[in-house]
Amino acid sequence: MMTGNCDHLSVRQFNERLTTVKPGEIIIYATGFLAADIAGAFHNKTPTAADLSKVAEAALLASVRGEAFLTQRRVGPKRFEYRAQKPNGAAGKAG
């Protein structure tokens, strides 16, 4: 799904992948410049602006629950891969 300059998963796709990936595997849930792309999408009244914001929120909530570690990888100028890695075993459990 594209929103502005950001290619991203839907919340449903993100949650499905998070439940099916093996520990240590990485999900790329968005590629772009997330904060700027969300702001720009809402400013431009892009129909999928809320979808982009919601997948970012879903990733953050997964991290807070200990279900994923969130990282970024630069892939170009003002362009990043936003990644969620499923933790290995008990190390990822928040508590």
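For the reader, a short list of remarks on this structure follows.
- Selection from region 2-32 of residues that are out of contact with any strand residue (DSSP E or B) (no Cβ under 6 Å at 6 or more places or on another chain) and over 22 Å from Asn88 (Cβ atoms): Met2, Thr3, Gly4, Ser10, Val11, Arg12, Gln13
- Figure legend. Inter-residue proximity from region 66-78: first residues over 19 Å from Asn88 (Cβ atoms) and modelled with pLDDT under 95, second residues small (Gly, Ala, Ser) and not in a strand (DSSP E or B), beta-carbon distance below 9 Å, spacing 6+ or different chains. Indicated pairs: Lys78/Ala36.
- Considered as a group, the residues in region 40-65 that are free of Cβ contacts under 8 Å to residues at least 12 places away in the same chain and not charged (D, E, K, R) include one that is farthest from Ile27 (Cα to Cα), and that residue is His43.
- Residues satisfying the stated conditions in region 31-50, i.e. of a type outside the set (Val, Ile, Thr), crowded, with 17+ Cβ neighbours inside 10 Å and closer than 21 Å to Ala84 by Cα: Gly32, Phe33, Leu34, Asp37, Ala49
- Lys22 being basic (Lys, Arg), free of Cβ contacts under 8 Å to residues at least 24 places away in the same chain and part of a loop (DSSP other than H, G, I, E, B): no
The values are calculated or read from the model by the stated rules, or taken from the named source; none is laboratory data. Just so you know, these numbers come straight off a predicted model, no measurement behind them. Glycine gets a Cβ as well: all are built from the backbone with ideal geometry, and neighbour counts include every protein chain shown.
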